[in-house]
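Enquirer: Dumping the structure here so I can ask a few things about it.
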Amino acid sequence: MDLSARGLRRIYRSGELTTEALCGVDLTIKSGEFVAIVGSSGSGKTTLLNCLSGLDTSFDGEVKLGDLSLSQMSETELARFRHEHVGFVFQQFCLLDHLTALENVILPGFFGEGAGDGVDPFKRGRELLTRVGLGDRLHSRPPQLSGGQKQRVAVARSLFCNPSIIFCDEPTGSLDQDTGLSIMKLFEQLNREDEVTVIFVTHEPYIADMARRRIIVQDGRLIEDKSQTSVWPDDTGDSDEKLKEVAS
Ligand SMILES: Nc1ncnc2c1ncn2[C@@H]1O[C@H](COP(=O)(O)OP(=O)(O)O)[C@@H](O)[C@H]1O
Ligand SMILES: [Mg+2]
């Protein structure tokens, strides 16, 4: 399903102070795209991501996924929408430290319909953690894991309910360069193999180079939006060397 925004405006008000964080954004992202949203700090990237993903509906204008209009949904419908269609990955991982990696991954299953009828959450959790390369760390708790491993757990969690879109706000922002690249490689693989739409925010140009489309936000407006040849080769060959070249 395509995701679209028309005349999207978001104004923050606190007391006398108002900030127009988005000033009329029009945007369509097609199913299966791999998109980077870039811009300097305070330009409106997080606000845009939050409005597109249904975390924030205090906007003017319209955001739609297919025929579903987010601003017309009740809180319950919105929660169901996010649960069924959307995965989230954040800069700060947002894992629960007292749960194991596996328990963190299956946690979304305790809300709504879980991973679907007849799906064993523990089996699915194990498969997802194995997929992100953590099959041997199922029972580790976040404090025992490195930053990159924590982000892999967060990616596995975001996939638990089979989202059609994953939204990532600075997913590599807390990671060193090599680890950040390996996380981006994981997103690219999910995008290519599972056709999950991936929309990520970054302020780092070499991370934005990974995407197939780059949108630049400045002062709440889109000032550039174009497709780019990503650094990923079309084949599935090892692109590590090429990536390091780009990053250096
Ligand atoms: N909750 C909020 N209340 C008031 N102003 C906010 C809030 N969140 C963000 N802003 C303001 O909106 C603008 C865009 O912020 P944000 O979307 O977080 O930018 P970015 O993610 O690009 O750094 C900034 O001027 C910021 O100070
Ligand atoms: Mg931000």
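Enquirer: Of the heavy-atom accessible surface of the chain (probe 1.4 angstrom), what whole percent is carbon and sulfur?
Expert: Carbon plus sulfur share of accessible area: 45 percent.
Enquirer: Which listed residue (F81, P143, T47) has the Cα farthest towards the positive end of the charge dipole for the range 3-247, taking +1 on Lys and Arg C-beta and -1 on Asp and Glu C-beta about the Cα centre?
Expert: Going by the charge dipole, the pick is P143.
Enquirer: With a probe of 1.4 Å, find how much accessible area the chain has per residue, and write the answer as a whole number in Å².
Expert: Heavy-atom SASA per residue in the chain reads 48 Å².
Enquirer: Something else about it: What does the charge add up to near R221, with Lys and Arg as +1, Asp and Glu as -1, over the other residues with Cβ less than 14 Å from its Cβ?
Expert: Cβ neighbours under 14 Å give a net charge of -2.
Enquirer: So, one more: Taking the Cα centre as origin and putting +1 on Lys and Arg beta-carbons and -1 on Asp and Glu beta-carbons, what dipole magnitude results for the chain, to the nearest 20 debye? Walk me through the numbers on the way to the answer.
Expert: Numbers: 27 positive and 38 negative charges, 58 e Å.
Dipole size: approximately 280 debye.
Enquirer: How far, in nm, would the chain grow between T18 and F110 when pulled straight, counting 0.36 nm per residue and subtracting the alpha carbon separation?
Expert: Roughly 29.3 nm would be gained on extension.
Enquirer: Rank K30, K150 by accessible area, highest first, at a 1.4 Å probe radius?
Expert: K30, K150
Enquirer: Give me the one-decimal nm value for the distance between modelled label points at D194 and C94, 7 Å along each residue's Cα-to-Cβ direction.
Expert: The answer from the label model is 1.7 nm.
Enquirer: On a full-extension model of 0.36 nm per residue, what is the gain between S71 and L55, subtracting their alpha-carbon distance, rounded to one decimal in nm? Please list the in-between numbers first.
Expert: Numbers: separation 16, 0.36 × 16 = 5.76 nm, distance 1.10 nm.
Taking S71 through L55 to full extension adds about 4.7 nm, to one decimal.
Enquirer: Still on this structure, please answer the following. Counting Lys and Arg as +1 and Asp and Glu as -1, each charge on the Cβ, what is the dipole of the range 1-90 about the Cα centre in debye, to the nearest 20?
Expert: Approximately 160 debye in magnitude.
Enquirer: How large is the Kirkwood hydrodynamic radius of the chain, counting all unique pairs of alpha carbons, in Å?
Expert: On the way: mean 1/r = 0.0537 Å⁻¹.
Kirkwood hydrodynamic radius for the chain: 18.6 Å.
Enquirer: Largest first, how would K185, K226, K45 line up by accessible area (1.4 Å probe)?
Expert: K226, K185, K45
Enquirer: Contour minus end-to-end for F122 and R221, with contour as 0.36 nm per residue of separation and end-to-end as the Cα-Cα distance?
Expert: Taking F122 through R221 to full extension adds about 31.3 nm, to one decimal.
Enquirer: Which of the DSSP-defined H helices in the chain satisfy a minimum axial length of 20 Å, computed from C-alpha atoms, and a minimum mean Kyte-Doolittle hydropathy of -1.0?
Expert: 177-194
Enquirer: Using DSSP loop states and a limit of at most 12 other Cβ atoms within 10 Å to flag GluC sites (Glu not before Pro), what is the longest stretch of the chain containing no flagged site?
Expert: Working: sites that count: E16, E113, E195.
Between the exposed loop sites, the longest stretch runs 17-112.
Enquirer: Let me check something: with ligands and nucleic acids excluded, how do H139, H85 order by accessible area (1.4 Å probe), largest to smallest?
Expert: Working: H139 130, H85 40 Å².
Final ranking, largest accessible area leading: H139, H85.
Enquirer: State which entries of K150/K185; K185/K226; K30/K185; K30/K64; K64/K150; K64/K123 exceed 23 angstrom in Cα-Cα distance in the structure shown. Walk me through the intermediate numbers first.
Expert: Values: K150/K185 16 Å; K185/K226 21 Å; K30/K185 21 Å; K30/K64 12 Å; K64/K150 32 Å; K64/K123 33 Å.
In this structure, K64/K150; K64/K123 lie more than 23 Å apart at Cα.
The values are calculated or read from the model by the stated rules, or taken from the named source; none is laboratory data. Because the structure is a prediction, the values reported are computed rather than measured. In this analysis, Cβ positions are derived from the backbone assuming ideal geometry, glycine residues included, and neighbour counts consider all displayed protein chains. These area figures cover heavy atoms from the full protein model, side chains too; ligands, DNA and RNA do not enter into them. Shrake-Rupley method; radii C 1.70, N 1.55, O 1.52, S 1.80 Å.
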